[in-house]
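Peer 1: The structure under discussion is supplied below as structure tokens; questions concerning it will follow.
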């Protein structure tokens, strides 16, 4: 009798499941922000081979789509200019209405611990001026979605996050870089902004790549976890599957990326891996025009990995030419000798913001590109350096310009004296009478203090290929 009772419950549960109303993933929810003036996908599950209707409150048109044999469906809806709040109603036999929907600008921020670091900081590792920023966090036009940590061997359909309106409690646990970027973007553009955070500290770029990207990599053989193998945050594709797949395709303007510390020991691979990761993400979103702005790793004492650190930064710089619609933030003036997590995340978020404003949104008058080495000229014992993105010249934040080295034919580098000369930099060393090459900030821990007049730091570089 007791077994019959449980069998009846099981049958009823199965019956209820087969007639379940529309199910939406967490990213499609109340309070979300949809990318403005776009065709954005909304998707979910319903009964198999069933007609679903989607009705936005901002227009009179109703969209219709039929679910497939597994009940999955997706439809593209047209969004208006920024505004709201709106509703979005989904109907099969019943109705589900999402409320408080805004239309504006949406960005996804991802990477390892320096992107994950919350506004409250880590244990004994603060965020500069965090309490003031948290106290002023309230903003009804800024919405936050935090993807929880998850690993998987195969692409996941959903996650457990939810959209939150910016407030002190929501901001405190959110990415300090992502939150501050979003808040200033909202205030400057005066439109609703949504920030999606998908981050996990200590993770390599391979973990964030999809299966196709890993398979295309032409360097060392990268094993893709499969079968009964246990998923892990360090293994290729496991974070893409668990933390990017559940939100892939959601309408966004672009990506913000801060990662690289976990790949410092393998710099020669990094530019190609990041290129494949971005290509894979854009393909998943079916949008090659999505912007990709990233942060060069900051100075720190990398110990046994110190010699490879500058080459990882060089690989990040080289990725600029490999990844269309990309931009790199230089952080050589915002590192720390005591922690791999520098406390000044405000400056980093601002520099990402400058890229977005000047490049993605074409706001005129904003400088956003750091000076990059362009060419050099050798005259006797002095090398004169010319740079891109320094039309108005340079300044130094210290009494002397730090971080330059020169070498002669023997390839031995010595500290150099640098001075601003017109709109160029002159470098020399008493230890090198016939200089052949220059390096700037080409070590793991150095405080770069040379800027263009707009306040953007010179990117580390070397003129040699030794």
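Peer 1: Where does each of 174-183, 284-293, 301-310 land if you order them by average Cβ count within 10 Å, highest first? Please report the intermediate quantities before stating the final value.
Peer 2: Numbers: 174-183: 27.9, 284-293: 17.2, 301-310: 15.7.
Top to bottom by mean Cβ count within 10 Å: 174-183, 284-293, 301-310.
Peer 1: Plugging the Kirkwood radius over Cα pairs into Stokes-Einstein for region 20-101, at a temperature of 10 °C and a viscosity of 1.306 mPa s, what D comes out in µm²/s?
Peer 2: Numbers: Rh = 12.8 Å.
The estimated diffusion coefficient comes to 124 µm²/s.
Peer 1: Region 106-166 to region 19-94: how many Å between their Cα centroids?
Peer 2: Value for the Cα centre distance between the two parts: 26 Å.
Peer 1: Could you tell me what fraction of 2.2 N^0.38 Å the Cα radius of gyration of region 103-360 comes to, as a two-decimal ratio? Each step should come with its number before you reach the end.
Peer 2: Values: Rg = 17.1 Å, N = 258, 2.2 N^0.38 = 18.1 Å.
My calculation over the Cα atoms of region 103-360 gives 0.94.
Peer 1: Once a ≥ b ≥ c are taken as the square roots of the eigenvalues of the Cα gyration tensor of region 285-394, is the result rounded (a/c under 1.5), prolate (a/b larger than b/c) or oblate (a/b not larger than b/c)?
Peer 2: Since a/c reaches 1.5 but b/c is at least a/b, the shape of region 285-394 is classed as oblate.
Peer 1: Starting with the highest mean, order 342-354, 49-61, 430-442, 395-407 by the number of other Cβ atoms within 10 Å, averaged over the residues of each peptide. All intermediate terms of the calculation are to be shown ahead of the outcome.
Peer 2: Details: 342-354: 22.1, 49-61: 15.3, 430-442: 19.3, 395-407: 17.3.
The packing order, highest mean first, is 342-354, 430-442, 395-407, 49-61.
Peer 1: Label region 245-288 by shape, choosing from rounded, prolate and oblate, from the square roots a ≥ b ≥ c of the eigenvalues of the Cα gyration tensor; if a/c is under 1.5 it is rounded, and otherwise prolate applies when a/b is larger than b/c, oblate when it is not. Please report the intermediate quantities before stating the final value.
Peer 2: Details: a/c = 2.86, a/b = 2.12, b/c = 1.35.
Prolate is the answer for region 245-288, as a/c is 1.5 or above and a/b outweighs b/c.
Peer 1: Would you work out if region 76-165 is rounded, prolate or oblate? Take a ≥ b ≥ c from the square roots of the eigenvalues of the alpha-carbon gyration tensor; rounded if a/c is under 1.5, else prolate when a/b is larger than b/c, oblate otherwise. Don't skip to the answer; put the middle values down first.
Peer 2: Details: a/c = 2.62, a/b = 1.47, b/c = 1.78.
Because a/c hits 1.5 or more and a/b fails to exceed b/c, region 76-165 counts as oblate.
Peer 1: So how far, in whole Å, is the C-alpha centre of region 277-320 from the one of region 212-244?
Peer 2: A separation of 18 Å, based on Cα centres.
Peer 1: Could you sort the peptides 329-338, 106-115 by per-residue average Cβ neighbour count (10 Å cutoff), highest mean leading? Don't skip to the end; give the middle numbers.
Peer 2: Values: 329-338: 20.6, 106-115: 25.3.
Going by the mean number of other Cβ atoms within 10 Å, highest first, we get 106-115, 329-338.
Peer 1: Right, something else. Under the definition of Cα pairs under 8 Å and six or more residues apart, what whole-number percent is the relative contact order of region 20-101?
Peer 2: Working: 180 pairs, mean separation 29.0, N = 82.
Reported as a whole number, the value is 35 percent.
Peer 1: Would you mind ranking 88, 445, 34 by Cβ crowding within 10 Å, fewest neighbours first?
Peer 2: Details: 88 22, 445 15, 34 28.
In increasing order of surrounding Cβ atoms, one gets 445, 88, 34.
Peer 1: Relative contact order, percent, of region 372-462 when contacts are C-alpha pairs under 8 Å separated by at least 6 residues? Mind showing how you got there, number by number?
Peer 2: Numbers: 202 pairs, mean separation 30.1, N = 91.
For region 372-462, the relative contact order is 33 percent.
Peer 1: May I pose another question? Pop a pseudo-label 7 angstrom from the Cα along the beta-carbon direction at both residue 374 and residue 223 and give the gap in nm to one decimal.
Peer 2: Label at residue 374, label at residue 223, 4.9 nm between them.
Peer 1: Taking 0.36 nm per residue of sequence separation and subtracting the Cα-Cα distance, how much length would be gained by fully extending the chain between residue 48 and residue 320, in nm to one decimal? Mind dumping the intermediate values first?
Peer 2: Working: separation 272, 0.36 × 272 = 97.92 nm, distance 4.51 nm.
Extra length available between residue 48 and residue 320 comes to 93.4 nm.
Peer 1: Rounded to the nearest 500, what is the 222 nm mean residue ellipticity of the chain from helices alone, with -39500 (n - 2.57) per DSSP H run of 4+ residues and division by all residues? Can you show the working numbers first?
Peer 2: Values: 9 runs with 96 residues, N = 466.
Roughly -6000 deg cm²/dmol at 222 nm, from the helical runs in the chain.
Peer 1: Same structure again: Just to be sure I understand: if I project the alpha-carbon convex hull of region 372-462 onto a plane and average over all orientations, what area do I get in nm²?
Peer 2: Working: hull surface 22.0 nm².
Computing the convex hull of the Cα atoms and averaging its projections yields 5.5 nm².
Peer 1: Can you report the principal axis dimensions of region 146-242 using only the alpha carbons, biggest first, rounded to whole angstrom?
Peer 2: Each principal axis gives a Cα extent; for region 146-242 these are 46, 27, 23 Å.
Peer 1: If r is the Cβ-Cβ distance from residue 337 to residue 389 and R0 is 35 Å, what FRET efficiency results, to the nearest 0.05? Walk me through the numbers before you get to the answer.
Peer 2: Numbers: r = 28 Å, r/R0 = 0.80.
For residue 337 and residue 389, the calculated efficiency is 0.80.
Peer 1: Can you give the relative contact order of the chain as a percent, counting alpha carbon pairs under 8 Å and 6+ residues apart? Write out the running numbers ahead of the final one.
Peer 2: Working: 1107 pairs, mean separation 56.5, N = 466.
Once divided by the residue count of the chain, the mean separation gives 12 percent.
FYI, it's all coordinate maths here, none of it is from the lab. Owing to the predicted nature of the structure, the values given are computational and were not obtained by experimental measurement. Ideal geometry is used to build each Cβ from the backbone, glycine not excepted, and the neighbour counts take in all protein chains shown.
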